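The values are calculated or read from the model by the stated rules, or taken from the named source; none is laboratory data. Keep in mind that what you see is a predicted model, and the values were worked out from it rather than measured. Neighbour counts run over all protein chains shown; Cβ positions are idealised from the backbone, glycine included. Heads up: the accessible areas ignore ligands, DNA and RNA and are worked out on the full protein's heavy atoms, side chains in. Shrake-Rupley method; radii C 1.70, N 1.55, O 1.52, S 1.80 Å.
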Amino acid sequence: MKNHEIAEIFRKIASILEMKGDNPFRVRAYLRAADNIDGLSEDIETLAKEKRLKNIAGIGDDLSAKILEYVSTGKIKFLEDLNKTVPAGVLDLLDIPSIGPKTVKLLFDKFKIKSIEQLEQSAKSGRLLEIPGIKEKTIKNILEGIVFVKKSAEAMYLAMALNIADEFLNPLKIIPGVEKITVAGSLRRRKEIIRDVDILITSGFPQKAMSAFTSLAPVKEILAEGETKSSVRTLSGVQVDCRVVEEKSFGAALLYFTGSKNFNIKIRQMALKKGLKINEYGVFRGNKFICGRSENEVFKTLGMAYIEPELREDCGEIELALNNKLPHLVELKDIKGDLHVHSLWSDGRSSIQEMAEAAKKIGYSYICVTDHSKSLKIANGLSISDLKKKKAEIEKINKKLNNFVVLYGTEVDIDSDGKIDYPDRILKEFDIVIAAIHTGFKQSGSQITRRTVKACMNKYVHVIAHPTGRLWGVRDAYDINLEEVFKAAKETNTRLEINSFPNRLDLNDHNVHAAKQAGVGIVINTDSHAAEQLGAMHLGVSVARRGWLEAKDVVNTLKIDGLLKALKK
DNA sequence: GCCGTTTTCGGCCCGACTGTTTTCAGTCG
């Protein structure tokens with residue numbers, strides 16, 4: 001997929017144009033196109049081939065020509081020409097907080113500064129003071145920004161960001177005067193990668209709430225502090241923004257603060273056409289406050305259905321909301337059980353009994369214990385003789401449990417040829433067989449695709465686990481051709497997994513959306529290796545929701561009888 | 001550069017905070 005490459009090219013063009021003082025709306029057009037391309041669940045090359053590029057919002061004649069040029073030649077002449085006008089390194093300056101395109105241009109025009117190192121030297125030498133509008137404080141901010149960039153604050157994955165949010169929400173919740181408090185931003189939209197944490201508070205005493213926020217224990221430095229809006233950086237290097245509004249503006253503020261940016265622009269434009277104005281304080285006709293207490297009120301005023309935060313990316317959800325045709329997204333409470341958990345039999349840390357009890361407590365009606373198979377020695381994979389003992393243990397536990405079933409499963413290994421490491425006579429004994437790639441990640445994309453397709457073809461394999469193999473901070477997704485996998489999965493009634501393990505979330509939201517469009521069924525599992533990890537299910541559900549899945553698309557929303565029937569190949 | 005149940009040209013979301021100003025531009029979200 002070249003989607004992300006092309007999005008990044010458009011972003012680069014936007015940066016250069018902005019620095020050159022080009023039309024800001026032209027700049028925005030490139031950025032919007034980039035966001036929309038990143039949000040596609042289809043391969044942009046397919047769209048190009050089928051002449052459907054202009055169906056993408058924000059792509060017109062010019063940008064579709066540039067995409068075609070890139071797809072066929074691997075480059076875009078316009079960017080190459082632009083690159084000649086800007087020395088390499090200048091764009092890096094934009095990564096420094098507090099430095100934008102205007103400042104970069106100024107620095108280059110005045111002192112020919114074209115790298116972070118040069119800027120650092122000039123700032124330290126005091127030379128920057130010669131520029132009108134730059135004084136000591138600005139220089140200090142620049143130097144601190146450079147330190148920050150050099151440390152390159154990493155983005156977080158969703159679960160990490162949720163934990164940081166809790167470090168703020170929990171202590172603030174109990175401050176007198178803090179009424180409502182909630183996360184907003186990309187975290188509320190449950191994006192898989194979060195760059196900063198946004199918090200919204202309602203209070204009649206905004207300054208009290210602000211000072212409580214900026215003086216919390218995890219705060220290392222205050223980046224900005226105003227009467228209703230502050231930003232801090234935590235000890236772990238994460239930026240947290242906080243906004244306080246009055247109760248009557250809560251809905252409008254939440255809508256604004258949740259985004260996405262493109263979503264906000266679109267609905268504000270819609271409001272303008274109705275003679276209304278939307279800002280974070282409410283919906284207004286002229287100066288008259290119409291509403292703003294809840295998001296629902298605002299949506300209603302615009303004549304549209306409530307849009308779940310996970311959908312707010314301006315990818316067609318607004319149009320559906322206007323016609324009341326939004327999908328009814330799957331919810332955590334729809335999940336009836338977890339089909340991918342481990343136990344003491346392989347590399348888990350809890351017994352089958354403990355896993356079952358924890359699952360029952362959550363409210364599930366089944367789990368499937370899928371310990372590793374024999375070839376995965378590193379995870380204590382089960383030999384064929386151990387399997388009999390494990391099965392006997394499950395049968396014993398099931399006799400004692402009421403209204404709950406432990407299913408007998410396995411997570412088998414797909415070997416480098418696509419073969420499964422138990423023979424058919426063993427495989428057919430299991431209630432559920434999950435297959436996954438655990439070795440040979442370095443193989444070519446076509447080899448890995450072939451292995452996965454072959455596993456789908458196996459009549460005893462019900463689920464492909466963590467289909468792209470990505471592990472946050474460890475390795476990227478392998479170069480698998482998911483379109484081919486989707487085709488095989490659909491033909492063979494094989495489910496693909498959303499693995500909820502915090503650093504996996506694999507399939508991701510875009511892939512899930514594409515799988516749904518290809519007619520492929522999904523299962524959401526946690527891959528828990530201990531009872532306390534079962535709670536990660538909500539992360540996988542978030543991915544499913546971002547992928548527009550409804551309960552009917554997720555097989556483990558079915559009751560046990562329906563589940564086993566649906567999984568039959 | 002995109003886009004159109006008022007428009008194929010003339011618009012394009014809206015506001016807070018900072019650092020420098022003496023009324024505002026730049027940055028950010």
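For the range A:56-73 and the range A:125-174, what is the separation of their C-alpha centers, rounded to whole Å?
36 Å
How do A:L344, A:L40 rank by accessible surface area computed with a 1.4 Å probe, from largest to smallest?
The most accessible residue leads, giving A:L344, A:L40.
In percent, how large is the relative contact order of the range A:156-245, given Cα pairs closer than 8 Å and 6 or more residues apart?
Normalised by residue count, the contact order of the range A:156-245 is 26 percent.
Whose amide H sits under 5 Å from the amide H of A:S373, counting only residues 5 or more places off or on another chain, with H placed in the peptide plane?
The list, which skips near neighbours in sequence, is A:L382, A:E411, A:D413.
Net charge near A:F205: determine it from the other residues with C-beta under 13 Å of the C-beta of A:F205, scoring Lys and Arg +1 and Asp and Glu -1.
-3
Sorted by packing (mean other beta-carbon atoms within 10 Å per residue), highest first, where do A:450-456, A:246-252 land?
In decreasing order of mean packing, A:450-456, A:246-252 become A:450-456, A:246-252.
For helix A:352-362, what angle does its Cα long axis make with the longest principal axis of chain A, in degrees from 0 to 90 and rounded to 10?
With both axes taken from Cα atoms, the answer is about 50 degrees.
Given a 1.4 Å probe and heavy atoms of the protein chains only, how would you sort A:I426, A:I265, A:I498, largest accessible area at the top?
The ordering from most to least exposed comes out as A:I265, A:I426, A:I498.
Of A:K51/A:K487; A:K173/A:K274; A:K51/A:K459; A:K173/A:K360; A:K49/A:K442, which pairs sit farther than 26 Å apart, going by alpha carbon to alpha carbon?
Where the Cα-Cα span goes over 26 Å, the pairs concerned are A:K173/A:K274; A:K51/A:K459; A:K173/A:K360; A:K49/A:K442.
So if R0 is 41 Å, what FRET efficiency would A:I362 and A:K261 give, r being the distance between their Cβ atoms, rounded to the nearest 0.05?
Efficiency at R0 = 41 Å is approximately 0.70.
Multiplying the sequence separation of A:N170 and A:S236 by 0.36 nm and subtracting their Cα-Cα distance, what value in nm do you get?
Contour length minus Cα-Cα distance gives 22.0 nm.
With an 8 Å Cα cut-off and a minimum separation of 6 or more residues, compute the relative contact order for the range A:47-146 in percent.
Relative contact order here is 20 percent.
Tell me the relative contact order for chain A as a rounded percent, counting alpha carbon contacts under 8 Å between residues six or more apart.
Relative contact order of chain A: 9 percent.
When ligands, DNA and RNA are left out and all protein chains stay put, how many square angstrom of accessible area per residue does chain A have with a 1.4 Å probe?
Heavy-atom accessible area per residue stands at 47 Å².
Grab the Cα-Cα distance for A:K151 and A:N324, subtract it from 0.36 nm times how many residues apart they are, and report the gain in nm with one decimal.
Taking A:K151 through A:N324 to full extension adds about 57.6 nm, to one decimal.
Would you mind checking the tilt of helix A:261-273 against the longest principal axis of the Cα atoms of chain A, expressed as 0 to 90 degrees and rounded to 10?
Long axis of A:261-273 versus the principal axis of chain A: about 70 degrees.
Under a straight-distance cross-link criterion of Cα-Cα below 19 Å, which lysines are reachable from A:K389, leaving out those fewer than 8 residues away in the same chain?
Filter leaves A:K374, A:K377, A:K399, A:K400, A:K428.
Would you rank A:L169, A:L507 by solvent-accessible area, highest first, keeping every protein chain in place and using a 1.4 Å probe?
Descending accessible area places them as A:L169, A:L507.
To the nearest 10 Å², what's A:H328's accessible area with a 1.4 Å probe?
Surface accessible to solvent at A:H328 totals approximately 130 Å².
Carbon and sulfur: what percent of chain A's accessible surface (1.4 Å probe)?
On chain A, the fraction of accessible area on carbon and sulfur atoms equals 52 percent.
Relative to the longest principal Cα axis of chain A, at what angle does helix A:24-38 sit, 0 to 90 degrees, rounded to 10?
On a 0 to 90 degree scale, this one is about 10.
Of the listed peptides A:311-317, A:443-449, what is their order by residue-averaged count of other C-beta atoms within 10 Å, with the highest listed first?
A:311-317, A:443-449
How much of A:D92 can a 1.4 Å solvent probe reach, expressed as accessible area in Å² and rounded to 10?
About 80 Å², ignoring ligands and nucleic acids.
When all protein chains stay in place, what accessible area (Å², nearest 10, 1.4 Å probe) is found for A:E117?
100 Å²
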